[in-house]
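Contents: one structure, followed by commentary.
The values are calculated or read from the model by the stated rules, or taken from the named source; none is laboratory data. Just so you know, these numbers come straight off a predicted model, no measurement behind them. Heads up, the Cβs are rebuilt from the backbone with ideal geometry, glycines too, and the neighbour counts pull from every protein chain shown. Side chains included, ligands, DNA and RNA excluded: accessible areas come from the protein's heavy atoms. Shrake-Rupley method; radii C 1.70, N 1.55, O 1.52, S 1.80 Å.
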Amino acid sequence: MKIINKILLLGLFVSGLTSCNNKEAAKESTALEPLSHTLYTENSELFVEFKPLIVGETSKFAAHFTVLGENFRALTDAKITVSLVVGDKGIKNAIDTPSSPGIFRLALSPKTAGTGTLIFDIVAKDFTDKITIEKVVVYPDEKTAFANQPPHAESTAISYSKEQAWKVEFANQAVKKQTFNDIIKTSGQILSAPGDEVIVTAKASGVVLFSGKSTIVGAAINSGSSLFTISGGDMAENNIDASVKDARANYLKAKSDYERSKSLVADKIVSEREHQQVKLQFDNAQTAYHTISKNYSSKGQNVLAPMSGFVKNVLVTEGQYVPSGAPLATISKNKRLLVQANVSQNYFSRLSSITSANFKTPQSDVVYTTTALNGSLVSYGKSASASTPFIPVTFEIDNDGQLVSGSIIEIYLKSSTIADALVVPVSSLIEEQGIFYVYVQTGGESFEKREVKVGASDGLNVQIVAGITENERVVTKGGYQIKLSSASGALPAHGHEH
């Protein structure tokens with residue numbers, strides 16, 4: 001009998017527990033769905049969640065504010081005021097401290113039913129802003145709010161919270177139609193501009209001696225700085241020291257002969273013709289002596305830098321014998337450079353329409369533009385040579401200090417104009433097995449993975465031929481983080497009002 005009573009009591013307990021769960025489920029199924037709005041200004045983004053507004057009931061707002069810029073970041077220091085205006089009546093609530101970085105929690109208790117306007121005023125350290133939500137309905141009671149609530153629909157959107165986005169490099173932008181350029185992608189090289197680089201040569205034969213740190217590759221030098229000394233040493237032939245002595249002796253003898261000839265010709269002892277011959281010998285000896293003795297000292301002949309810049313290359317080793325005219329080093333100003341693209345002959349008809357170019361080195365993702373570097377198109381080839389099937393296209397640019405002559409580069413030549421193109425940054429693209437995707441922000445924390453068809457790319461931006469429409473907001477930074485978050489299947493923990 002006791003066993004039967006225990007079974008009956010257990011059955012009643014389970015029945016009561018099931019009844020409670022059913023009531024909770026029923027209560028939850030009839031709960032009002034929260035409203036959410038995402039709005040942008042030039043300075044900020046507002047993503048706000050709140051329950052439908054009902055007269056006499058307190059509605060709590062979880063307002064997420066993001067400061068727009070290079071990387072979207074949470075607004076942490078501001079006074080936020082929310083106002084509700086229905087007809088000619090209004091109420092407001094203000095707060096100057098976020099509950100957590102970027103999230104400001106406010107509350108309003110509406111007094112009047114009708115259609116009104118929600119206004120969020122932002123007073124931050126660096127800017128002020130006003131964000132308005134139009135046609136906000138205030139219901140007279142909860143029953144009316146339920147009656148006007150849209151049917152619940154399951155969402156397939158990817159959830160990525162503001163708290164997650166604020167912790168990484170993240171940004172998005174509205175896609176706009178703009179003028180773009182058709183692109184010829186090719187390879188090329190950075191070269192020194194004419195007059196920007198000079199080769200230092202030996203002015204005489206002899207043994208090369210280095211002049212301290214001035215001959216270290218990369219060293220900055222001034223015009224006239226000593227680079228090398230050419231010494232005769234113990235050389236039996238082509239000895240600069242002996243050559244200077246011989247030139248001086250010849251010069252002194254020719255000078256003496258010339259002085260004597262001047263007095264003789266005045267007394268008509270020698271003819272004018274003989275005097276001119278002596279004068280010619282003197283002029284030649286003087287020129288030879290001054291040339292070989294220029295910059296000469298007891299240590300040898302100094303080789304000086306012909307211009308300011310830096311030592312690009314040293315072409316000899318210390319103690320090496322060099323003949324007169326041999327190259328010793330390369331000096332470069334490194335201020336102006338040439339960007340030379342090697343273009344296939346297939347694009348010859350389009351070369352006349354090229355106006356500028358973007359380029360980057362394979363070792364870096366930094367994309368340079370000839371326009372930003374004060375560049376201009378110098379020339380393009382009119383024919384191909386027998387040694388190469390490519391046609392050169394050359395730009396001259398300023399060197400910002402990050403570019404090295406001789407570097408191999410990828411080049412994006414901008415040719416004919418494409419009107420009304422939908423363009424996004426290259427960083428927006430996610431590639432999977434040759435197919436390109438972007439993440440479109442459909443709400444403050446909702447995203448959709450969208451397959452796109454790409455067109456021309458200039459290394460910085462890419463044309464989208466199909467897959468998105470104008471004014472949709474595309475994620476430009478942080479796409480891979482959204483991909484990883486959605487792949488993990490973990491839902492972020494929220495502290496929002498639902």
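The set of residues in region 422-439 that are open to solvent by less than 40 Å² (accessible area, probe 1.4 Å) and small (Gly, Ala, Ser) contains only SER428.
Checking each residue in region 159-170 for being surrounded by fewer than 19 Cβ atoms within 10 Å (Cβ to Cβ) and of a type outside the set (D, E, K, R) picks out SER159, GLN164, VAL168.
In a strand (DSSP E or B), open to solvent by 50 Å² or more (accessible area, probe 1.4 Å), over 17 Å from SER187 (Cβ atoms) and touching a residue at least 40 places away in the same chain (Cβ under 8 Å): is that true of THR476 in this structure? No. Of note, ASN284 does not satisfy the criterion of being at pLDDT below 85 and not charged (D, E, K, R). In the set GLU42, GLU57, GLU70, only one residue is charged (D, E, K, R), under 16 Å from TRP166 (Cβ atoms), assigned to a loop (DSSP other than H, G, I, E, B) and open to solvent by 10 Å² or more (accessible area, probe 1.4 Å); that residue is GLU70.
Quick grid of which residues meet (1) assigned to a strand (DSSP E or B); (2) open to solvent by less than 60 Å² (accessible area, probe 1.4 Å):
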| residue | (1), (2) |
| --- | --- |
| ILE131 | yes, yes |
| GLU134 | yes, no |
| LYS143 | no, no |
| PRO150 | no, no |
| GLN173 | yes, no |
| THR179 | yes, no |
| GLN189 | yes, no |
| VAL200 | yes, yes |
| SER214 | no, yes |
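Residues in region 441-453 that are of a type outside the set (Ser, Thr, Tyr) and either closer than 30 Å to SER415 by Cβ or open to solvent by 40 Å² or more (accessible area, probe 1.4 Å) (or both): how many? Residues in region 441-453 being of a type outside the set (Ser, Thr, Tyr) and either closer than 30 Å to SER415 by Cβ or open to solvent by 40 Å² or more (accessible area, probe 1.4 Å) (or both): 6 in total.
Could you list all residues from region 274-306 that are of a type in the set (A, V, I, L, M), closer than 30 Å to LEU264 by Cα and surrounded by 17 or more Cβ atoms within 10 Å (Cβ to Cβ)? Scanning region 274-306 gives VAL278, ALA285, ALA288. Of the residues VAL378, VAL423, VAL438, VAL404, the single one that is touching an Asp or Glu at 6+ places or on another chain (Cβ under 8 Å) and aliphatic (A, V, I, L, M) is VAL378.
Taking the conditions exactly as written (over 42 Å from the mean Cα position of the chain (by Cα), closer than 28 Å to GLU197 by Cβ and open to solvent by less than 60 Å² (accessible area, probe 1.4 Å)), does GLY309 satisfy them or not? No, not satisfied. Checked against (1) within 15 Å of ILE183 (Cβ to Cβ); (2) in a strand (DSSP E or B), TYR439 meets all criteria but (1).
Only one entry of ALA456, ALA419 meets the criterion of being crowded, with 18+ Cβ neighbours inside 10 Å and of a type outside the set (S, T, N, Q), and that entry is ALA456.
Does region 402-425 contain at least one residue that is in contact with a Phe, Trp or Tyr (Cβ under 9 Å, 6 or more places away or on another chain), of a type outside the set (Ser, Thr, Tyr) and not in a strand (DSSP E or B)? Yes: one or more hits. Scanning region 324-344 for residues that are at pLDDT 85 or above and farther than 30 Å from ALA372 by Cβ yields a count of 5.
The single condition from (1) open to solvent by 60 Å² or more (accessible area, probe 1.4 Å); (2) more than 30 Å from VAL198 (Cα to Cα) that GLN402 fails is (2). The criterion of at least 1 residues that are out of contact with any strand residue (DSSP E or B) (no Cβ under 7 Å at 6 or more places or on another chain) and either surrounded by fewer than 17 Cβ atoms within 10 Å (Cβ to Cβ) or among the small types (Gly, Ala, Ser) (or both) is met, among strands (runs of 3 or more DSSP E) falling completely within region 76-126, by 89-95.
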